[in-house]
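Enquirer: Structure below; questions to follow.
The values are calculated or read from the model by the stated rules, or taken from the named source; none is laboratory data. Since the model is a prediction, treat every value here as computed from it, not as a measurement. All Cβ positions, even for glycine, are placed from backbone atoms using ideal geometry, and neighbour counts span all protein chains on display.
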Amino acid sequence: MSHPDWAQLAPYLKKYGRGCLSYSVLQQGMEYYVEEGVGFIAYYSFRHFLLAPRGRKIILADPLCAPEQLEGMLERFIAKHKRVILLQCNRKTGAVMDKLGYEVNMFGKECELPIPYDLAGKKRAKIRQWRNKCEREGVVVEERAISACDMAEIEALSGAWVEDKGGKELILLTRPFVTVDEPGVRCFWARKDGRLIGLAIFDPMHNDGRTVGYYHNFDRISRDAPNGTSVYIITEAIKVFAEEKVKVVSLGLMPLFVLRAHFRQNDFTMKSFRYAAKKLNRLYPFQGNISHKKKFAGRQFPVYFSSTNGNQLREMFILMKAMKMI
């Protein structure tokens with residue numbers, strides 16, 4: 001692994017990295033607050049002359065430590081850095097922030113698919129339809145390491161995809177595409193008539209040293225790929241994971257979906273989130289993302305964000321700027 005902090009972080013990642021974004025903390029630009037023998041917190045330092053002139057430390061997902069160490073680690077990190085935002089944390093972390101006296105707003109839901117994943121039934125009819133369409137059109141999915149593939153072909157596909165998405169890649173919630181082999185990361189490729197039309201990258205999810213799941217971190221699909229190619233890659237990957245006794249595949253965040261007040265929250269921010277989900281899809285495809293993942297009929301559970309400065313809308317603009325959404 002070429003990541004400079006891999007040797008120090010890997011033991012905690014493999015023991016406590018059950019969250020879908022656990023592996024994403026290795027992305028470029030992250031910093032690490034490490035307590036030896038306890039765990040670590042991954043964070044991104046952000047400063048903006050108008051939005052955050054004194055800066056923010058943005059914690060990505062949950063601290064990687066034992067549950068009984070969670071509150072203490074967060075207290076010590078906040079005491080050191082003061083102005084802190086937690087992005088996409090789970091309910092346990094949200095409960096700790098609530099206990100410490102901070103507002104905790106629901107940010108959406110994460111979606112997980114159990115393995116084995118049964119395609120039968122009305123709820124998953126669309127998934128079957130897309131799978132059958134890709135099979136009829138001769139789409140072939142295979143797993144291969146990035147190093148075994150044609151880099152020019154990969155870069156052409158990825159470049160066209162990024163251009164279609166506005167010419168820039170988001171960071172933090174989406175781990176940027178890395179064109180080298182990484183420990184535990186699985187790569188699946190879709191071809192039609194021998195031509196690369198799609199790829200999907202799955203990041204490992206760990207618990208107590210075992211790989212218990214994979215997170216569908218991102219994909220690249222060509223403009224002329226058959227509808228449902230992304231879904232077909234996922235279902236074919238699940239077949240492979242099932243043979244390995246892997247328990248889940250995570251589809252990640254359904255942003256701003258079915259927001260509820262579970263802790264002391266900022267009510268104005270909640271109302272603004274609901275408005276954004278309905279009216280600001282030109283800024284981010286909230287509804288498209290939610291609709292697509294709902295078709296998988298997976299398990300859903302809430303995730304949250306919290307700021308030591310209060311969950312005001314300014315904190316969300318800070319996050320959006322940090323993620324390169326604006």
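Enquirer: Please enumerate the residues belonging to the stretch 78-92 that are part of a helix (DSSP H, G or I) and within 24 Å of Leu51 (Cβ to Cβ).
Expert: Answer for the stretch 78-92, where residues must be part of a helix (DSSP H, G or I) and within 24 Å of Leu51 (Cβ to Cβ): Ile78, Ala79, Lys80, His81.
Enquirer: Residues in the stretch 5-13: is at least one within 23 Å of Arg91 (Cα to Cα) and not in a loop (DSSP other than H, G, I, E, B)?
Expert: Yes, the stretch 5-13 has at least one match.
Enquirer: Kindly indicate which of Glu142, Glu153, Glu75, Glu68 is in contact with a Phe, Trp or Tyr (Cβ under 8 Å, 6 or more places away or on another chain) and either not small (Gly, Ala, Ser) or not in a loop (DSSP other than H, G, I, E, B) (or both).
Expert: Residue meeting the stated conditions: Glu142.
Enquirer: On the given criteria, is Arg128 surrounded by 13 or more Cβ atoms within 10 Å (Cβ to Cβ), within 22 Å of the chain's Cα centre (by Cα) and at pLDDT 95 or above?
Expert: In short, no.
Enquirer: Hey, can you tell me all the residues within the stretch 235-256 that are surrounded by 14 or more Cβ atoms within 10 Å (Cβ to Cβ) and over 15 Å from the mean Cα position of the chain (by Cα)?
Expert: Correct list: Thr235, Glu236, Ala237, Ile238, Val240, Phe241, Ala242, Val246, Lys247.
Enquirer: From the residues in the stretch 178-209 that are of a type in the set (Gly, Ala, Ser) and farther than 26 Å from Pro226 by Cβ, which one is surrounded by the most Cβ atoms within 10 Å (Cβ to Cβ)?
Expert: Result: Gly184.
Enquirer: Would you mind telling me which numbered condition in (1) loosely packed, with under 13 Cβ neighbours inside 10 Å; (2) touching a Cys at 6+ places or on another chain (Cβ under 8 Å) Arg223 fails?
Expert: (2)
Enquirer: Does Gly101 satisfy the condition of being surrounded by fewer than 16 Cβ atoms within 10 Å (Cβ to Cβ) and part of a loop (DSSP other than H, G, I, E, B)?
Expert: So Gly101 fits the description; yes.
Enquirer: For the subset of the stretch 131-148 comprising residues that are farther than 19 Å from Phe241 by Cα and touching a strand residue (DSSP E or B) at 6+ places or on another chain (Cβ under 7 Å), which member is surrounded by the most Cβ atoms within 10 Å (Cβ to Cβ)?
Expert: Filtering the stretch 131-148 for residues that are farther than 19 Å from Phe241 by Cα and touching a strand residue (DSSP E or B) at 6+ places or on another chain (Cβ under 7 Å), the one surrounded by the most Cβ atoms within 10 Å (Cβ to Cβ) comes out as Val139.
Enquirer: Another question, if that's okay. Would you check which residues across the stretch 295-319 are part of a helix (DSSP H, G or I) and either surrounded by 16 or more Cβ atoms within 10 Å (Cβ to Cβ) or β-branched (Val, Ile, Thr) (or both) and list them?
Expert: Residues satisfying the conditions are Glu315, Met316, Phe317, Ile318, Leu319.
Enquirer: Right, another one. Return a yes/no flag: does the stretch 208-231 have any residue that is free of Cβ contacts under 8 Å to residues at least 24 places away in the same chain and not assigned by TED's automatic domain parsing to the domain that holds Asp98.
Expert: Checking the stretch 208-231: at least one residue is free of Cβ contacts under 8 Å to residues at least 24 places away in the same chain and not assigned by TED's automatic domain parsing to the domain that holds Asp98.
Enquirer: Examine the stretch 165-185 for a residue that is modelled with pLDDT of 95 or more, closer than 19 Å to Val246 by Cα and in a strand (DSSP E or B), and state whether such a residue exists.
Expert: Checked the stretch 165-185: no residue is modelled with pLDDT of 95 or more, closer than 19 Å to Val246 by Cα and in a strand (DSSP E or B).
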